[in-house]
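Okay, structure first, notes after.
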Amino acid sequence: VINDATDNGFNWKGVANQSGAVNLAPNATGNVYGSHCWDYASTSHNRTTGHDGILLDLINRFLTDPQYAIDPNQVYVTGLSSGGGQTMALGCLAPDIFAGVGINAGPPPGTTTSQIGFVPSGYTATTASNNCKALAGSQLSKFSTQVASVVWGTSDFTVAQAYGPMDAAAM
């Protein structure tokens, strides 16, 4: 939960208070892939280990704490760059938890960190969609109610610009 001292002028606390929302803003832990990144490129996404497990546990702790009175049907996740990739991975892995995802310049599941700047040959929106569905497993039907927002920058030269429309088509 963001407090005034760690808000860095972004007004997350004020917006949350005004709208009755609870905003969690975790920072990627550890040195993943030689960078301070989320482990979106994991080849073994699951609900209990890695950043997936840490983030799902964090969300569950707030969902089950009655002082926050969070509607479990109104849980959303968003992120930028590796956080956008992690957002897509979480939305795919746990569509029963997330009512919506906000993917900002995020590489899709099944790409590696070395592929953040280019789409690998043969990787398509269908590939991304199939990878996403595989992560959902038995929760596949929950995609019927999940919403997705995808944004990307036409001047982004870190994350391949082609991932944006690909993510949108996949979701």
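The values are calculated or read from the model by the stated rules, or taken from the named source; none is laboratory data. Being a predicted model, the structure only gives us computed values, none of them experimental. In this analysis, Cβ positions are derived from the backbone assuming ideal geometry, glycine residues included, and neighbour counts consider all displayed protein chains. The accessibility values were calculated without ligands, DNA or RNA, using every heavy atom of the protein model including side chains. Shrake-Rupley method; radii C 1.70, N 1.55, O 1.52, S 1.80 Å.
Things worth noting here:
- Cα centroid of region 145-171 to Cα centroid of region 82-104, whole Å: 12 Å
- Taking every alpha-carbon pair under 8 Å whose residues sit at least 6 apart, the chain reaches a relative contact order of 18 percent.
- Take every pair of alpha-carbon atoms less than 8 Å apart whose residues are at least six positions apart; their mean separation over the length of region 45-89 yields a relative contact order of 23 percent.
- Residues Gln67 and Thr124, FRET efficiency given R0 of 41 Å [Cβ-Cβ distance, rounded to 0.05]: 0.35
- When the Cα gyration tensor is reduced to axis lengths a ≥ b ≥ c, the ratio a/c is 1.5 or higher for region 4-95, and with a/b not above b/c it is classed as oblate.
- FRET efficiency for Asn8 and Lys133, using Cβ-Cβ distance with R0 set to 30 Å, rounded to 0.05: 0.20
- Counted over the chain, the DSSP beta bridges are approximately 10% antiparallel.
- Estimated from helical segments only, the mean residue ellipticity of the chain at 222 nm is -9500 deg cm²/dmol, where each DSSP H run of four or more residues counts as -39500 (n - 2.57).
- Per residue, in Å², the accessible surface of region 28-169 once ligands and nucleic acids are set aside, probe 1.4 Å: 49 Å²
- Stretched out straight at 0.36 nm per residue, the stretch from Asn60 to Ser144 would grow longer than its current Cα-Cα span by 28.0 nm.
- Per-pair calculated FRET efficiency, R0 = 41 Å: Ser114 and Tyr76 via Cβ, rounded to 0.05: 0.90
- Point-charge dipole on Cβ atoms (K/R +1, D/E -1) for the chain, about Cα centre, debye to 20: 260 debye
- Sorted on the mean count of surrounding Cβ atoms within 10 Å across their residues, most packed first, peptides 129-142, 95-108, 77-90 read 77-90, 95-108, 129-142.
- If you sort the three axes of the alpha carbon gyration tensor as a ≥ b ≥ c, you get a/c of 1.5 or more for region 83-141 and a/b no higher than b/c, which makes it oblate.
- Disulfide-incompatible cysteines by the Cβ rule (no partner under 4.7 Å) in the chain: Cys37
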